[in-house]
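One structure below.
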Amino acid sequence: MASVRGEIETAARPADVWAAIEDIGALHTRLVPGFVTATRLEPGARIVTFGNGMVVREPIVSIDAAERRLVWSAEGGRTSHYNASVQVLPAAGGSRVVWIADFLPDVLAKDIGVAVTAGLAAMKTTLDRLTG
């Protein structure tokens, strides 16, 4: 199973970053606009439309407010298995956000790496605006 890990730092406070992440139905407005163009909630999952037009159902595995960690899986798209987490950690002057994705098949590592990098770039731009 392949894994991709990416992280960003932002001057936004951890509480503000977590508030955006835990608002699981607002990816397209509060966290990664452009990278995600629409999010719709259904019981236990969200339906995500990405900027490239791909639509994926993402069952929510865990929302852990104490650890500021969200875990989800994905159904649809090109993977036969996908599980990911994003966690907010305090950092000097703000926050660090870590996104880890584990998936099959391994051959998708480059493509998923590019997607995680793009998603984190959109996230950083959005979160940096929270600092005023």
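The values are calculated or read from the model by the stated rules, or taken from the named source; none is laboratory data. Bear in mind the structure is a predicted one, so any value in this text is a computation, not a measurement. Every residue, glycine among them, receives a Cβ derived from its backbone with ideal geometry; neighbour counts consider all protein chains shown. The area values use the complete protein model at the heavy-atom level, side chains included, leaving out ligands, DNA and RNA. Shrake-Rupley method; radii C 1.70, N 1.55, O 1.52, S 1.80 Å.
Things to note:
Residue-wise test of (1) in a helix (DSSP H, G or I); (2) within 24 Å of Pro90 (Cβ to Cβ); (3) not small (Gly, Ala, Ser).
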position	(1), (2), (3)
Ala19	yes, yes, no
Gly25	no, no, no
Arg30	yes, yes, yes
Ala38	no, no, no
Ile47	no, no, yes
Glu58	no, no, yes
Val61	no, yes, yes
Ala66	no, yes, no
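- Among (1) open to solvent by 40 Å² or more (accessible area, probe 1.4 Å); (2) in a loop (DSSP other than H, G, I, E, B) - the single one Leu89 does not satisfy: (2)
- Taking residues in region 34-47 that are modelled with pLDDT of 95 or more, and partners anywhere that are acidic (Asp, Glu) and open to solvent by 50 Å² or more (accessible area, probe 1.4 Å), the pairs with Cβ atoms closer than 9 Å and at least 6 places apart or on different chains are Ala45/Glu75.
- Selection from region 67-78 of residues that are at pLDDT 95 or above and not charged (D, E, K, R): Leu70, Val71, Trp72, Ser73, Ala74
- Among residues of region 3-15 that are polar (S, T, N, Q) and part of a strand (DSSP E or B), those with a beta-carbon under 7 Å from a residue that is open to solvent by 20 Å² or more (accessible area, probe 1.4 Å) and modelled with pLDDT of 95 or more at least six positions away or on a different chain give the pairs Ser3/Ile100; Ser3/Asp102; Thr10/Lys124; Thr10/Asp128.
- From the options Ala66, Ala118, residue that is among the aliphatic types (A, V, I, L, M), surrounded by fewer than 19 Cβ atoms within 10 Å (Cβ to Cβ) and out of contact with any Phe, Trp or Tyr (no Cβ under 7 Å at 6 or more places or on another chain): Ala66
- Some residue of region 94-107 being open to solvent by 60 Å² or more (accessible area, probe 1.4 Å), part of a strand (DSSP E or B), acidic (Asp, Glu) and out of contact with any Ser or Thr (no Cβ under 9 Å at 6 or more places or on another chain): no
- Taking residues in region 72-83 that are under 23 Å from Val98 (Cβ atoms), and partners anywhere that are part of a loop (DSSP other than H, G, I, E, B) and of a type in the set (A, V, I, L, M), the pairs with Cβ atoms closer than 6 Å and at least 6 places apart or on different chains are Gly77/Met54; Tyr82/Ala74.
- Filtered residues of region 17-40 (kept if in contact with a strand residue (DSSP E or B) (Cβ under 9 Å, 6 or more places away or on another chain) and open to solvent by 50 Å² or more (accessible area, probe 1.4 Å)): Glu22, His28, Thr29, Thr37, Arg40
- Residues located in region 48-62, provided they are open to solvent by 50 Å² or more (accessible area, probe 1.4 Å) and more than 24 Å from Gly34 (Cβ to Cβ): Val61
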